[in-house]
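To start, the structure under review is shown below, and the notes come after it.
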Amino acid sequence: MNEFLDGFVVGLALLLSVGYALLSLGPRSLRRRLLEALSWAAARVPAVLGLRAAAQRLSIAAAGKNQGACGGCDDCGTSAADATKSPAKDSPAAEVRVPVAKIGRRARGA
Amino acid sequence: MDALSAIPSPLIALVGNPNCGKTALFNILTGSRQKVANYAGVTVERKEGSLLTPSGKRVRILDLPGAYSLDPLTPDEQVTADVLLGRRAGETRPDFIVSVTDATNLRQNLRLVLSLKRLGLPMVVALNMTDIARRKGIVIDAQRLSLELGVPVVETVGVKTKGVQALIKVLDGTAAPAHAPTPASWSPLSGPDIEHDQAEVRRILGLVGGDRIDGVTLSDRVDSVVLHPVLGPVILAVILFLVFQAVFSWAQWPMNEIKLGVAAFGDWLGAALPASLLKGLLVDGILAGVGSVLVFLPQIIILFFFILVLEDTGYLPRAAFLLDRVMGAVGLSGRAFIPLLSSFACAIPGIMATRTIQNPRDRLATIMIAPLMTCSARLPVYALIIGAFIPQRTLWGGLQLQGVVLFALYILGVVGAMAVAFVIKRSTAGSGFHALMLELPAYHWPNLRNLVLGLWQRVEIFMSRVGTIILALMVILWALSSFPAPPPGAAGPPIQYSIAGHLGAWLAVVFAPIGFNWQISIALVPGLAAREVAVGALGTVYALSATGNDVSGALTPLIAQSWSLPTALSLLAWYVFAPQCLSTLATVKRETNSWRYPIIMAAYMFGLAYAGSWIVFRAATALTSG
């Protein structure tokens with residue numbers, strides 16, 4: 001095989017791999033910046049190459065959530081639910097006091 | 001999704017009690033494949049999809065976590081309340097509510113329907129699971145119910161396409177309002193309000209029927225055995241034990257076929273390509289690495305087959321009930337069981353599922369121990385080492401020794417998690433005991449569609465990991481292991497002179513006390529991204545470590561020759577405890593809204609892994625040398 005072509009293909013594979021690893025494992029801000037930069041670059045190439053749609057998709061992806069390296073079961077949700085706080089704290093319904101005498105009343109009546 | 005939100009289409013929210021079939025309905029309406037199971041608390045986050053109605057109108061549909069009321073007690077109920085009240089940042093308030101009610105449990109479900117009516121949004125009641133209700137002899141007068149509630153009522157069967165036609169007709173008639181609904185004011189229900197609703201529910205039930213109290217049902221009869229204080233835990237242990245036996249014994253044939261396929265492809269590729277960098281990348285980097293992981297697909301499918309069957313039958317909440325006493329002994333509530341069980345698939349949905357836990361301390365403790373449950377990503381590592389070092393011996397009763405060892409590793413993870421939970425709960429002030437309140441759904445046969453879709457989803461997830469992050473990391477590792485080239489006249493394998501070789505040599509100093517060689521030390525680094533990456537990394541590292549023509553040899557015999565038994569056992573202990581998953585730590589950061597907890601988690605898990613491996617290595621060395 002042509003030595004130049006050999007090196008080029010391997011180099012490209014390595015570059016793509018590093019990029020993907022950074023996108024999926026790196027912090028969200030880095031991912032957003034990378035995708036924005038790619039979108040910016042794709043939007044500026046000559047229209048004949050037909051990359052406008054790709055630029056738009058990259059821009060949408062930059063604004064969206066990270067699928068993550070877990071494989072993307074989409075269970076991760078979109079926002080944090082702070083584990084150090086409980087919604088029940090502020091709610092008067094947090095503690096429901098049922099008089100013992102009332103428990104089972106319906107069952108007896110049924 | 002973003003393109004959809006630009007279209008002015010009505011936003012419809014599916015709301016209802018937990019486990020009333022909202023997600024099954026959502027999947028049928030939108031063609032989605034969100035997870036459904038026969039227990040409460042599967043959905044903990046809002047999900048969005050779209051439906052094209054027969055008249056060509058597109059409507060957006062929101063699937064919300066189950067809630068018992070609009071006064072939230074848990075973080076998942078908070079999501080539902082916030083969306084319905086228009087308090088959720090960046091989210092418009094729904095235009096229309098589909099109040100999904102379980103026709104077999106109308107007494108409980110109607111209370112939420114009455115609360116939803118107070119929101120003043122247009123609404124339809126979907127009387128779901130009407131097929132099961134009919135089989136149980138429960139007859140509900142839907143027309144009368146509609147009259148009493150003052151909203152349309154349609155009967156649905158959320159698991160069948162034909163069962164939702166009436167609902168689709170109603171949704172077809174909805175329209176996006178001219179003005180988006182504004183946030184609603186909501187004050188928690190007072191005592192008299194609750195009593196009024198209760199009386200109203202009783203009155204409506206008296207008119208429409210559907211309040212039949214069954215005698216002893218089949219589920220009750222099964223529960224009298226399955227929930228027996230002595231028989232119950234024995235049955236649970238036997239079920240889990242058989243699952244792990246099946247993982248090894250059933251997977252043998254397909255695993256061998258995949259191994260042969262990968263080896264044959266490797267031989268063909270090696271012969272077809274001339275000696276070049278690209279050949280090295282394809283054969284030693286990608287095929288040796290990715291092929292080593294791919295082999296474990298059958299075991300993952302078998303494990304998930306059993307998990308999905310147990311989920312769909314309704315057995316899992318019973319297991320939570322049985323383990324409540326064990327959980328209570330270490331300070332956790334039985335409610336932590338479902339998140340911990342989800343963590344056997346993957347710690348990330350498990351950590352998300354802790355949103356169903358009311359007490360913040362319990363929730364934090366559950367989050368902190370969830371990664372100790374043996375996730376499916378550990379399975380390839382365990383299976384590789386067990387396959388190499390544990391003989392395929394059959395014990396009494398036809399039990400396989402390899403399956404017994406795998407079961408023991410799962411138990412070790414659970415015991416470790418319970419010990420850590422005990423320490424966490426002991427060291428946090430104000431920890432108290434919280435009684436378990438859990439709905440036990442009726443048993444039913446697993447739905448074949450759910451089962452097939454669930455398994456297909458797991459295959460997709462596994463293959464997507466193999467084809468993306470594992471592939472990418474293998475290419476990077478191959479490059480780090482191949483460059484720089486060895487100096488002229490070098491005698492050892494080229495990898496020893498590479499960047500990865502030098503890194504491995506440094507790391508080996510740290511890991512030598514626990515018996516790890518430089519090849520294992522290298523594999524642990526990319527394995528930080530995800531556990532099964534380590535198997536691929538070992539494949540690549542050993543392929544590049546080989547001198548001569550044995551490069552294409554399978555990984556299992558290679559490590560069986562290169563490692564001692566104490567080293568293998570030490571690595572198993574490492575993988576039981578080590579936090580080898582960046583995604584999990586990121587999820588903990590997001591769920592706790594702080595870096596503190598993921599840092600504490602990583603520190604304690606690495607500490608535990610090192611200590612555990614050291615003890616195992618020293619003990620095994622002493623025993624085998626004696």
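A short reminder: the numbers here are calculations on the coordinates, not readings from a lab. What you are looking at is a predicted structure, and each value in this text was computed from that prediction instead of being measured. Here Cβ is always computed from backbone atoms with ideal geometry, including for glycine, and neighbour counts include all displayed protein chains.
Residue-wise HN-Hα couplings along region B:465-479, as the Karplus relation 6.51 cos²θ - 1.76 cosθ + 1.60 with θ = phi - 60° gives them from phi, are 5, 5, x, 10, 5, 5, 4, 4, 5, 5, 5, 5, 5, 4, 5 Hz; Gly and Pro carry x.
Given A:VAL45, A:ALA61, A:LEU15, which one lies farthest toward the positive end of the charge dipole of region A:1-68, if we put +1 on the Cβ of every Lys and Arg and -1 on the Cβ of every Asp and Glu? The residue sitting most towards the positive pole is A:ALA61. Between the residues B:SER185, B:SER115, B:ILE132, the greatest Cα displacement towards the positive end of the dipole of region B:2-208, with unit charges on the Cβ of Lys, Arg, Asp and Glu, is found for B:ILE132.
Put a plus charge on the Cβ of each Lys and Arg, a minus charge on the Cβ of each Asp and Glu, and nothing anywhere else: the dipole of the protein assembly as shown about its Cα centre is then about 1120 debye.
Taking the C-alpha atoms only, the angle from helix B:360-369 to the longest principal axis of chain B is near 30 degrees. Quick one: pull the percentage of alpha-carbon pairs in the protein assembly as shown with a separation above 40 Å. The calculated P(r) of the protein assembly as shown puts 39 percent of pairs beyond 40 Å.
Legend: calculated FRET efficiency, B:ARG134 to B:TRP614, from the Cβ-Cβ distance at R0 = 60 Å, rounded to 0.05, equals 0.45.
Across peptide B:350-363, the mean count of Cβ atoms from other chains lying within 10 Å of each residue's own Cβ comes to 3.
If I take every Cα pair under 8 Å that is 6 or more residues apart in region A:1-68, average their sequence separation and divide by the length, what percent do I get for the relative contact order? Reported as a whole number, the value is 30 percent. From least to most packed, judged by other beta carbons within 10 angstrom and beginning with the fewest, B:LYS57, B:LYS22 follow the order B:LYS57, B:LYS22. Working ranking of peptides B:474-486, B:283-295 by packing, defined as the average number of other Cβ atoms within 10 Å per residue, highest first, is B:283-295, B:474-486. Taking every residue in B:66-76 and counting other chain Cβ atoms within 10 Å of its Cβ, the average works out to 4. Remark: chain B carries a charge dipole of roughly 220 debye about the Cα centre, counting +1 on each Lys and Arg Cβ and -1 on each Asp and Glu Cβ. Where both partners of a DSSP beta bridge lie in the protein assembly as shown, what percent of those bridges are antiparallel, to the nearest 5? The answer is about 30 percent antiparallel.
In this calculation the C-beta distance from A:ARG28 to B:GLU460 is compared with R0 = 22 Å, giving a FRET efficiency of 0.40. Ranking B:MET418, B:VAL459, B:TRP506 by how far each Cα lies toward the positive end of the dipole of region B:373-512 (charges on Cβ) leaves B:MET418 at the top. Stretched out straight at 0.36 nm per residue, the stretch from B:TRP506 to B:ASN447 would grow longer than its current Cα-Cα span by 15.9 nm.
Over chain B, the fraction of Cα-Cα pairs per 20 Å bin, rounded to whole percents and listed from the shortest bin up, is 18, 46, 28, 8, 0.
Considering helices alone, the calculated mean residue ellipticity of chain B at 222 nm is -17500 deg cm²/dmol, with DSSP H runs of length four and up weighted by -39500 (n - 2.57) and normalised per residue. Any idea how far the Cα center of region B:437-509 sits from the one of region B:66-85, in Å? Spelled out, the Cα-based centre of one part sits 38 Å from the other.
Remark: mean inter-chain Cβ contacts per residue of B:584-591 equal 4, using a 10 Å Cβ-Cβ cutoff to other protein chain atoms. In terms of the mean number of neighbouring beta-carbon atoms within 10 Å, the peptides B:582-589, B:393-400, B:125-132, B:490-497 order highest first as B:125-132, B:582-589, B:490-497, B:393-400. Between 0 and 90 degrees, the angle of helix B:401-427 with respect to the longest Cα principal axis of chain B falls at about 60 degrees.
Between A:ARG44 and B:ASP172, the simple label model (points 7 Å from Cα in the Cβ direction) yields a spacing of 5.2 nm. For region A:1-68, the Cα gyration tensor yields ellipsoid semi-axes of 25, 19, 8 Å (square root of five times each eigenvalue, largest first, whole Å). For chain B, the longest principal axis of the C-alpha atoms and the axis of helix B:75-85 are separated by about 50°. Working from label points 7 Å from Cα in the Cα-to-Cβ sense, the B:LEU85 to B:GLN392 distance is 6.1 nm. Subtracting the Cα-Cα distance of B:ILE599 and B:ARG33 from 0.36 nm times their residue separation leaves 200.3 nm of extension gain. Stretching B:ARG58 away from B:ALA272 to a fully extended chain increases their span by 71.8 nm, per 0.36 nm per residue minus the current alpha-carbon distance. Separation of region B:245-302 from region B:387-423 is 26 Å, based on Cα centroids.
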